[in-house]
Each structure stands twice: as C-alpha cells, then as structure tokens.
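The structure appears below as structure tokens.
The values are calculated or read from the model by the stated rules, or taken from the named source; none is laboratory data. Note that the structure is a prediction, hence the values are computed from the model and not measured. Every residue, glycine as well, gets a Cβ built from its backbone with ideal geometry; the counts of neighbours run over all protein chains shown. Side chains included, ligands, DNA and RNA excluded: accessible areas come from the protein's heavy atoms. Shrake-Rupley method; radii C 1.70, N 1.55, O 1.52, S 1.80 Å.
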Amino acid sequence: MNIVFTGGGTGGHLVIALSLAQTARERGHKVMFIGSTSGQDRQWFGNTTLFDEVHFLETTGVVNKAGLGKLGALWKVFKASLKSRDLIRSFRADAVVSVGGFSAAPAALAAVASRIPLYIHEQNAVTGKLNRLLRPYAKRFFSSYEAGENHCDYPVHPRYFENARVREGIKTVIFLGGSQGAKFINDLAIEIAPWLQNRGIHIIHQCGLKEEERVRAAYHELGIEAEVYGFTTQIAELCERSDFAVSRSGASTLWELCAAKIPAFFIPFPYAAADHQYHNARYVIDHNAGWCERQSEGLALKLQEAILSDIRVKSEALGELIKPDGALHIIEKIEKQ
C-alpha cells in the first residue's frame, strides 16, 4: 500500500505520525508525509529518511485567527488542498491518515474530495475541531477514549511496556512539565521538596529549558540533591526509575505513564483547547487509576495525601487501560480496508 500521513503542528500530533509511519514502513508500505511550513513539522521530519516523500505546505492555524486573518488562513488551506490533491494522486495513495492539528487540513480535505479513504487518529478525549468536521467523511476514526469499534490502544513506544512494573511504594517521584516546562508544577515541586526529602523520596524533575537555572538554584538553596533536566529525550528511562508522577495531562505523556504503570497526580494545563487535558485525565480518574486536580493554590497537601496513599491499586488499574502494539493494530485495520 501507499499511505499518506498528515497532521502535526505540535509534538503530540507528530509523535503519532512517526509511530504509525514507522510501523507501516516496517510492514513494507510506501509512506509520504504532508505537513506545514509552520509549527514543528519541519523540525521532526525535515531531514528524515523514514518517508519516501516529505512535503511542507504553507498553512497556519485557522481557529486562533479573526477577521481578515481567518480569511487569509482559509485561503492558504484552500491552495494547499489543491497541492495536496496533486501530491496524493502522483503518489497513488491508497489511504490518507490524519493525526490532527492544523497541518492536517489540506491533505485530509483533499482525500475526501478525491475519494481516497481517510483515517483519523484523535489523540485527546475531546475531539478537535478539524477532526470533528471530517469525522463523518472518514472510513475509520481511532480513539483510545471511546468504546466499541472506534477504540484503539494509544501508540506508545515499546520501552514503556518493557519496563512496566506495579508500584507498591514510593522511592522516587518524577515531575513532568512537558518539553516547554510548566512553572506551576515547578513551583509545586520546590514547595513539596523538603517534605519529600524528609521521607527519603528522591526527586527527578523535568522542568523546561527556560526554568532550568531557576529550578536548579532553588533546590541548591534548599540543600536538596534533585535530578533536574531542562529537556531530555530519556523520559522512558527516567520513568523506569520512578514510582509516582506529577504531570500535565497531554495525551502522549498520559498514555506513556499508563503503559509504564506509574500512578500520576495530573494537573491539566488550564488553557488547553476545549480543556482537553482535563478530560484526558478524567478518563484515567474514572477508571480509579490516578488523581486529577485543577491548577490552584493549596495543592501541596492533596499531593501529599496521594503520595501517602496505597498506590498499588492504581498502578495495577493502569495496566488495564492500555495494551502494547497500538500502532500495529491501527495499521492492520487500514490494511483490511
């Protein structure tokens, strides 16, 4: 098969495109990527050897624009859709797979117009505006939050499953603010650090490059030897050594923690579109597999209560929420079209 992958803008979308395309390539399929000149698409796939073809078209987000800005953005999408239609035809695509984000609009619309089977993977518990618009025209819609035929296991790197273990006690806590860091989580970590040290609990802290100097200085002033990372590609290895996480609830991080069976205290980013991080976390909480609190003052006491609780039950429950080979199962379903 010849499969076109499209979408991106941010790492959360692009990591799914990467996982699915790697799996498709391993199974002997030809793969193309169509993304945008904006966002992170070029950073991820500008120099890749994974795809047989890579194309970046001039598009920008539409939702966050107003007036003439929105009209300009829509015009760019229209022109990019015409270009995508030509690219899809020349590639002789058998399927187009959208992973969402504004980058996905041109190729996904072109697939519908060209009657090429469109498949959509939605990362979040709240369906994005573009995916909601295109869902009625898609041959298949994949979601890790829905039951029934649309359900799929979230594509997570095998390392998280290989190193998974049920946590019974807490020797190490990891604070995860995402690649950009999260000042609120950083401040909470520093606030609770003396309490953790008094209980002999080690701290691993991924704080974001912009906050690294400040966070290191704060731990030094407290006399606490915490492991601090501004940014790291070794999150899987750090998770292997951790027993409890304090984290935002972007989809990729949430499902990686589930795969590793690490109980987490989620603090959703309050300004995420459609409050999707809160709803992502609620899915885990509704299965009695973690904690979720809105970003507000006074969370240190609630966090302490969670750390002192019996985490084994939640760690075991996490293992029931996700199984390995999510990407493989999605590609297998596309092959059976």
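Just to verify a result, which residue in segment 74-106, among those that are in a loop (DSSP other than H, G, I, E, B) and closer than 27 Å to A274 by Cβ, is modelled with the highest pLDDT?
This residue is V99.
Kindly indicate the residue of segment 267-307 that is touching a residue at least 40 places away in the same chain (Cβ under 8 Å) and in a loop (DSSP other than H, G, I, E, B) and also nearest to the chain's Cα centre (by Cα) among those meeting that condition.
Only one residue tops the list, namely F269.
Could you grab me the full set of residues in segment 247-276 that are among the aliphatic types (A, V, I, L, M) and either within 14 Å of S315 (Cα to Cα) or open to solvent by 20 Å² or more (accessible area, probe 1.4 Å) (or both)?
The answer is L254, L257, A259, A260, I262, A264, A273, A274.
Pairs needed: first member in segment 30-49, on the phi > 0 side of the Ramachandran plot; second member anywhere, at pLDDT below 95 and not in a loop (DSSP other than H, G, I, E, B); C-beta distance under 9 Å; at least 6 residues apart or different chains.
G39/H13; G39/L14; G39/F102; G39/S103
With the requirement that a residue be under 27 Å from the mean Cα position of the chain (by Cα), free of Cβ contacts under 8 Å to residues at least 24 places away in the same chain and open to solvent by less than 60 Å² (accessible area, probe 1.4 Å), what does segment 213-230 give you?
The one that is under 27 Å from the mean Cα position of the chain (by Cα), free of Cβ contacts under 8 Å to residues at least 24 places away in the same chain and open to solvent by less than 60 Å² (accessible area, probe 1.4 Å): V228.
Any chance you could count how many residues in segment 308-337 are assigned to a helix (DSSP H, G or I) and not small (G, A, S)?
14
Output the number of the condition that V112 fails; it satisfies all remaining conditions of (1) surrounded by fewer than 24 Cβ atoms within 10 Å (Cβ to Cβ); (2) outside any helix (DSSP H, G or I).
Against the list (1) surrounded by fewer than 24 Cβ atoms within 10 Å (Cβ to Cβ); (2) outside any helix (DSSP H, G or I), V112 comes up short only on (2).
Could you please give the count of residues in segment 140-150 that are farther than 18 Å from A17 by Cα and either at pLDDT 95 or above or among the acidic types (D, E) (or both)?
Total meeting the criteria: 3.
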